[in-house]
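One structure is given here, and the rest of the page talks about it.
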Amino acid sequence: MAINSFGTSFQTRQTCLEAVPDEAAAHCALTVARDRDLGMEPGPKRVLIVDDNACVLSLTAELLDHLGYQTATAEDGIGALCQLKAARYDILLTDFEMPGMDGYELAEAAKRHCFGIKVILMTGHCTDDLAARISDSTTVDGFLSKPFDLKTVREMLNQVAYQQFSEMMA
């Protein structure tokens, strides 16, 4: 939030380091159950996109909007945690390399505090160590290598939606 005072401007940031409290996780669980009981179409609808590159962030949001998803964006992990606390998301699509909190740390926090959320990690710099970390992980549900096209992101979202639907029906 920008604050101007007598010609001087500075930036402040509200942090949500408590991440998502237990009542928010319960809210996520109740919302998923309610949607299922109401017979709403299965699969993800709301996607939180996180990337520190403003261009990538806006283009990815535009791409997902075109695919019919409701999107919200955050420029860093702390901003994403604040949004996860305030609303329910079906998918977290996050960049891996970000200042402060990286995408994997954000994914761990999201999985701990928001029942049923699926995480897709994206990066333009995939190393062997990162690939091994992801393949051995239960935290990350999907992976996108940047740059990606419409077909690739659609296939990954459909794959994650199927995982989510299967878990709900189990």
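So which residues in the stretch 145-157 are open to solvent by 50 Å² or more (accessible area, probe 1.4 Å) and either in a helix (DSSP H, G or I) or in contact (Cβ under 8 Å) with a residue 24 or more places away in the chain (or both)?
L150, K151, T152, R154, E155
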Among the residues of the stretch 72-124, how many are out of contact with any Leu (no Cβ under 6 Å at 6 or more places or on another chain) and part of a strand (DSSP E or B)? 7
Qualifying residues in the stretch 105-144 (those that are among the polar types (S, T, N, Q) and exposed (fewer than 13 other Cβ atoms within 10 Å of the Cβ)) - the one modelled with the highest pLDDT: T138
Only one of L121, L106, L57 is closer than 21 Å to V153 by Cα, without any contact (Cβ under 8 Å) to a residue 40 or more places away in the chain and touching a Gly at 6+ places or on another chain (Cβ under 6 Å), namely L121
Take the residues in the stretch 79-99 that are over 15 Å from K111 (Cα atoms) and in contact with a strand residue (DSSP E or B) (Cβ under 8 Å, 6 or more places away or on another chain); name whichever of them is most open to solvent (accessible area, probe 1.4 Å). E97
For residues that are part of a strand (DSSP E or B) and in contact with a helix residue (DSSP H, G or I) (Cβ under 6 Å, 6 or more places away or on another chain), scanning just the stretch 49-71, find the one that is most open to solvent (accessible area, probe 1.4 Å). T71
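The values are calculated or read from the model by the stated rules, or taken from the named source; none is laboratory data. Since this is a predicted model, take the numbers as computed values, not measurements. Positions of Cβ are backbone-derived with ideal geometry, glycine not excepted, and every protein chain shown enters the neighbour counts. Accessible surface areas use protein heavy atoms only, side chains included; no ligands, DNA or RNA. Shrake-Rupley method; radii C 1.70, N 1.55, O 1.52, S 1.80 Å.
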